[in-house]
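Readers should treat all values here as calculations from the given coordinates under stated rules, not as data from a laboratory. This one's a predicted model, so the numbers in the text were calculated from it and none came from an experiment. Neighbour counts are summed over all protein chains in view; Cβ atoms, including those assigned to glycine, are modelled from backbone coordinates with ideal geometry.
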Amino acid sequence: MLWIPPPVLFAILVVGAYVSSDLGYRLGRRVGPRDEAFDHQLGIVRGATFAMVAFLIGFAFSGAASRYVERLDIIVKEANALGTAWLRADTLPEPSRGQLRGALRDYAADRVEALRQSDVEPVVAHIARANTFHARIWKAGIDGTAGNPALALLVLPALNEVIDLHTTHLSASKRHLPVAILVGVLITAGLSLGLAAFGHGQIGRRFAWLDLLYGVVLAAALWMTIDLDYPRYGLIRASIDPLIETLGGMRGL
């Protein structure tokens with residue numbers, strides 16, 4: 001789904017909503033008016049389906065929002081960890097101080113560039129280079145603190161946090177709404193649109209604007225949920241300003 005541009009995805013959801021409404025209307029025309037008991041049961045099923053759609057979309061959106069905030073928090077933690085490691089590099093003797101600072105600055109620049117990407121391929125390339133940066137950072141820290149346990153206790157934990165947060169961030173970026181739940185939400189939303197139009201078909205009168213309004217609202221809610229769950233994909237982007245500011249400080253900007 002992520003290879004589909006966001007505006008095209010929204011258009012597909014709107015078209016799907018229209019198709020669901022049209023199928024429901026046509027089925028209602030074919031079934032025709034029924035007795036009062038049937039209409040009563042139809043109202044119960046329709047109301048229950050609408051409630052289920054509201055619950056599922058609310059659940060999906062809430063989960064996506066939580067994961068979005070979690071990613072923002074990790075970016076802040078990563079920026080703070082890099083800033084702390086940069087400051088503690090001052091305690092190292094030369095040339096380890098310069099080597100560690102250079103490794104941290106290059107790593108921060110690579111992180112910023114990676115998080116600016118929207119396509120998968122460049123991001124994978126940046127992730128593949130992360131281990132090389134980690135090795136440079138750790139070697140500079142080990143060399144600079146060799147024979148000084150007190151200095152090692154000051155510098156190495158900060159470097160370890162920088163490295164660990166990369167794994168934490170990578171794990172968080174892979175947490176999304178399960179595909180099975182997303183498919184279930186889409187199917188249930190389609191059924192609710194079909195049931196809404198089914199009654200219109202029974203009486204042979206089409207309320208196109210009402211069906212369109214409901215369909216667009218559902219499509220927008222689903223689209224925002226998907227967009228929010230993939231913060232490097234659509235219009236809703238996770239801010240990387242903390243990392244940019246940290247990199248600027250390393251460069252003396």
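If you take every residue apart from A197 with its C-beta less than 14 Å away from the C-beta of A197, what net charge results, scoring Lys and Arg +1 and Asp and Glu -1? Write down the numbers at each step before the final one.
Values: positive: R26, R29, R30, R46, R205, R206; negative: D22, D211.
Overall, the nearby charge balance is +4.
For the pair I4 and N80, what calculated FRET efficiency results from E = 1/(1 + (r/R0)^6), where r is the Cβ-Cβ distance and R0 = 41 Å, to the nearest 0.05?
Working: r = 36 Å, r/R0 = 0.87.
The formula returns an efficiency of 0.70 here.
Can you compute the modelled spin-label distance between I142 and E121, with each label point 7 Å from Cα toward Cβ, in nm?
Between I142 and E121, the simple spin-label model gives 3.6 nm.
Please list, in order along region 51-65, the HN-Hα scalar couplings obtained from phi with the Karplus expression 6.51 cos²θ - 1.76 cosθ + 1.60 (θ = phi - 60°), rounded to whole Hz, x for Gly and Pro.
Using θ = phi - 60°, the values come out as 5, 5, 4, 4, 5, 5, 5, x, 5, 5, 5, 4, x, 4, 5 Hz.
Which of rounded, prolate or oblate describes region 142-253 when judged by the alpha-carbon gyration tensor and an a/c cut-off of 1.5? Intermediate results must be reported in sequence, preceding the final value.
Values: a/c = 8.69, a/b = 3.33, b/c = 2.61.
Judged from the Cα gyration tensor, region 142-253 comes out prolate (a/c at least 1.5, a/b above b/c).
Take the Cα atoms of region 182-231, find their three principal axes, and give me the spread along each one in whole Å, biggest first.
For region 182-231, the Cα spread along each principal axis is 44, 21, 6 Å.
Between D241 and A220, 0.36 nm times their residue separation minus their Cα-Cα distance comes to what?
On the way: separation 21, 0.36 × 21 = 7.56 nm, distance 2.78 nm.
Using 0.36 nm per residue and subtracting the Cα-Cα distance, I get 4.8 nm.
What does the charge count around R29 come to, taking other residues whose C-beta lies under 12 Å from its C-beta (Lys +1, Arg +1, Asp -1, Glu -1)?
Details: positive: R26, R30, R205, R206; negative: D22.
Charge balance in the 12 Å sphere: +3.
Around D106, with a cut-off of 12 angstrom between Cβ atoms, what is the net charge of the other residues, counting Lys and Arg +1 and Asp and Glu -1?
Details: positive: R101, R105, R111, R129, R136, R251; negative: D110, E113.
Result for the local shell: +4.
So how far apart, in nm, are the two label points at R175 and L210 if each is 7 Å from Cα heading toward Cβ?
So the label points at R175 and L210 sit 4.2 nm apart.
Across region 77-93, in residue order, what do the Karplus-derived ³J(HN,Hα) couplings come to in whole Hz, using 6.51 cos²θ - 1.76 cosθ + 1.60 with θ = phi - 60° and x for Gly and Pro?
Coupling constants for region 77-93: 4, 5, 5, 5, 5, 5, x, 5, 4, 4, 5, 6, 5, 4, 7, 8, x Hz.
Would you calculate, for the chain, the mean residue ellipticity at 222 nm contributed by helices, counting each DSSP H stretch of 4 or more residues as -39,500 (n - 2.57) and dividing by all residues, to the nearest 500? Can you show the working numbers first?
Numbers: 8 runs with 207 residues, N = 253.
Helix-only estimate at 222 nm: -29000 deg cm²/dmol.
Enumerate the calculated ³J(HN,Hα) couplings along region 223-229 in order (Karplus 6.51 cos²θ - 1.76 cosθ + 1.60, θ = phi - 60°), each rounded to whole Hz, writing x wherever the residue is Gly or Pro.
5, 5, 5, 5, 4, 5, 6
Once you keep just the Cα pairs under 8 angstrom separated by 6 or more residues, what percentage relative contact order results for the chain? Could the numbers behind the result be given before it?
On the way: 261 pairs, mean separation 112.6, N = 253.
Reported as a whole number, the value is 44 percent.
Pull out the extension gain between D90 and R30, defined as 0.36 nm times the separation in residues minus the alpha carbon to alpha carbon distance; nm, one decimal. Don't jump to the answer; show the numbers that get you there.
On the way: separation 60, 0.36 × 60 = 21.60 nm, distance 7.94 nm.
Gain in length upon complete extension: 13.7 nm.
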